[in-house]
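Working notes for the structure below.
The values are calculated or read from the model by the stated rules, or taken from the named source; none is laboratory data. Just so you know, these numbers come straight off a predicted model, no measurement behind them. Neighbour counts are summed over all protein chains in view; Cβ atoms, including those assigned to glycine, are modelled from backbone coordinates with ideal geometry. Surface accessibility is based on the protein's heavy atoms, side chains included, excluding ligands, DNA and RNA. Shrake-Rupley method; radii C 1.70, N 1.55, O 1.52, S 1.80 Å.
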Amino acid sequence: MSKKVINQNTNYSAELLDSIESNFIFDENPINRLSNTPNVLDPDNIVEKIDKKKELSLLRKLINSVENCSLKNNSQKIVLGDGNIDSPIMLVGEAPGIEEDKTGISFQAEVGSLLNKMLLAINIKKENIYSTYAVNFRPPENRKPTSIEIKKYSIFLQKHISIIQPKIIILMGSTAMESLTGLNSKITIERGKWKEVIVKNTSYNVIITFNPSYLLRVPENKKYSWKDLKLIKQKITDLNLDI
């Protein structure tokens, strides 16, 4: 498999990449998992299994300890994540909205209803995957998180991914895309392509798609999300994942 390092001509923030201490490698070709040589980057080859519940509890405390954060100061609750912590699929949205801020649960109200329909279209129930956000507190007036905020919380997202150890990561929206990959190009360019992202020495299958909240505003783009969902379904089949 040929890999290529992030295109240096793309507008990345070097400071962002340095601060989260990650190596990002992208490959839009299918990842070969049939090699006879064990992949040291595969979570399955990690001998020591972590206590996910304990680590998530520690992560929650760590995020709640953030100081001088307008997001935290203007929110009611942290929205860490919910669903099946052992699921092979991890879904990352952009940021909580008003209903999520009240309940502490991801993807509620109209956004949650649309997400449920999208997942059910490929025979997946939301409770069978793990859902979280790139930013764990609701931005005031549901505004888009700033690049500084995305940078600050990207460290927690990486830790979060390392705890859940999914086989597939679905990034919904430009905030989630920027947080994990450093990409700040248009999501219409990046969506619908499988990428390989390395986080803390572990390789993950990543796909970028539209956020349900965006699709509620621009329903004509649901046709592209359906294409992305079919790619996800095929990847689940290819990797023989049990959801």
What FRET efficiency comes out for the pair Asp86/Glu141, r = Cβ-Cβ distance, R0 = 35 Å, nearest 0.05?
0.45
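How much net charge surrounds Asn128 when only other residues with a Cβ under 11 Å from its Cβ are counted (Lys, Arg +1; Asp, Glu -1)? Show your work: numbers first, answer last.
On the way: positive: Lys125, Lys126; negative: Asp86, Glu127, Asp242.
The answer is -1.
Applying a 10 Å radius around every beta-carbon, put 50-62, 67-79, 164-176, 107-119 in order of their mean neighbour count, most first. Numbers along the way, then the final one.
Values: 50-62: 13.3, 67-79: 15.1, 164-176: 24.2, 107-119: 18.4.
By packing density, highest mean first, the sequence is 164-176, 107-119, 67-79, 50-62.
Taking the Cβ-Cβ separation of Ser185 and Lys54 as r and a Förster radius of 30 Å, what is the calculated FRET efficiency to the nearest 0.05? Numbers along the way, then the final one.
Values: r = 38 Å, r/R0 = 1.25.
Taking R0 as 30 Å, the efficiency between Ser185 and Lys54 is 0.20.
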Quantify, in whole percent, the carbon and sulfur part of the accessible surface of the stretch 166-243 (1.4 Å probe; protein heavy atoms only).
49
Net charge of Cβ neighbours under 9 Å - reference Ile207; Lys, Arg +1; Asp, Glu -1:
+3
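Per residue, how much accessible area does the stretch 123-187 have with a 1.4 Å probe, in Å²?
Values: 2120 Å² over 65 residues.
Result: 33 Å² per residue.
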Whole-Hz couplings from phi, Karplus 6.51/-1.76/1.60, listed for the stretch 197-203; x for Gly and Pro:
10, 9, 10, 6, 6, 10, 8
